[in-house]
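The values are calculated or read from the model by the stated rules, or taken from the named source; none is laboratory data. Only a predicted model underlies this, so the values are computations on that prediction, with no experimental measurement involved. Methodologically, a virtual Cβ is constructed for each residue, glycine included, from the backbone with ideal geometry; neighbour enumeration extends over all protein chains shown. Protein only, heavy atoms only, side chains kept; ligands, DNA and RNA dropped before computing areas. Shrake-Rupley method; radii C 1.70, N 1.55, O 1.52, S 1.80 Å.
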Amino acid sequence: MKVAIVTGASRGIGRACAVRLAKDGYTVVVNYSRSEEEASKVLDEIKSAGGDGMTYKADVSDLAQVKQMIRDTDRKYGQIDLLVNNAGIVRDAFLLALNMDDLSSCMELNVKGYFYCAQQAALKMFRRRQGVIINMSSVSGELALAGQSVYSATKGAVNSLTRVLAKELGSRGIRVNAVAPGFIETEMINALSDEKKEEYLKDIPLHRFGKAEEVAAVVSMLASDEFSYITGQVITMDGGISL
Ligand code: NAP
């Protein structure tokens, strides 16, 4: 039995990753911060497909809550094999209209939250000299979209963090990679106006938005032992928008 923690798994990409990893045989910790009912539905889906796991309420931008989640997971299952650092938010605004509270909350979750979870999970992975960390980045970590300075900066940080941690943790048998999706059909995208969606679609060679399940398939691949020589990579999957 392998154990995976997926942060922000109550919906969207995190939900798809949790369901996919359960199908791959992982016992899955479905983390969420507010959406208890949605997280329970994800766990029900996992269990009705024959999988196992638990929901876990923790704000991953809070170090004490992250420590408790990792401790409780380790106590319950005795090991942590995979961390998917996925919980993230978008706070788009042009620089001159930027609200500093939005800047802080984005940095706290999208950057510091990833550090907190990676550090606490790695402390457990060290013990067994094996583990995989997958960070959910975004094509915005490389692509410059007006209005996304904060989000882009956080995802650029995730890309750098991925590469450095791969170097630091490799000798302990821990692989660290990132997935950088383009526009994926989740609530994050549903919040865009139809006009904005059309504008983005024009720039996507595949002329459609991606599906959360397609992101989960890349996560499943990176987690798999079959791809055990891949570390420190940011895998872009964006329908070609960054070309
Ligand atoms: P989403 O649909 O908005 O879901 C976000 C998830 O994160 C929810 O489960 C939410 O649960 C959880 N969450 C939010 N704040 C949290 C916190 N402080 N602690 C723990 N969980 C928290 O987002 P998504 O579109 O699936 O995006 C997931 C990740 O993919 C993000 O890192 C995002 O940047 C990245 N991404 C998304 C796209 C896209 O097009 N959708 C593209 C590229 C990258 P609660 O409601 O319980 O808080």
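Figures for the structure shown
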item: I134 being within 14 Å of the ligand (Cβ to nearest atom), in contact with a Cys (Cβ under 9 Å, 6 or more places away or on another chain) and among the hydrophobic types (A, V, I, L, M, F, W, C); result: yes
item: Out of A144, A157, A93, A121, sole residue that is without any contact (Cβ under 8 Å) to a residue 60 or more places away in the chain, more than 10 Å from the ligand (Cβ to nearest atom) and assigned to a helix (DSSP H, G or I); result: A157
item: Residue count, segment 205-243 (criterion: without any contact (Cβ under 8 Å) to a residue 60 or more places away in the chain, open to solvent by less than 30 Å² (accessible area, probe 1.4 Å) and at positive phi); result: 2
item: Residue that is surrounded by fewer than 16 Cβ atoms within 10 Å (Cβ to Cβ) and under 19 Å from the mean Cα position of the chain (by Cα), where the choices are V164, V150, V84; result: V164
item: Count - residues of segment 8-47 that are closer than 16 Å to E187 by Cβ and of a type in the set (S, T, N, Q); result: 3
item: Residue list for segment 1-34, restricted to those being over 20 Å from Y116 (Cβ atoms), within 13 Å of the ligand (Cβ to nearest atom) and in a loop (DSSP other than H, G, I, E, B); result: R11
item: Breaking point among (1) touching a strand residue (DSSP E or B) at 6+ places or on another chain (Cβ under 9 Å); (2) on the phi < 0 side of the Ramachandran plot, for C106; result: (1)
item: Those residues of segment 183-228 which are near the ligand (Cβ under 9 Å from one of its atoms) and not hydroxyl-bearing (S, T, Y), in sequence order; result: F183, I184, E185, E187, M188, I189, N190, A191, F209, G210, A212, V215
item: Residue in segment 102-109 that is acidic (D, E) and either farther than 22 Å from R15 by Cα or within 13 Å of the ligand (Cβ to nearest atom) (or both) present; result: yes
item: Flag for Y77 being closer than 28 Å to G170 by Cβ, surrounded by 15 or more Cβ atoms within 10 Å (Cβ to Cβ) and touching a residue at least 12 places away in the same chain (Cβ under 8 Å); result: yes
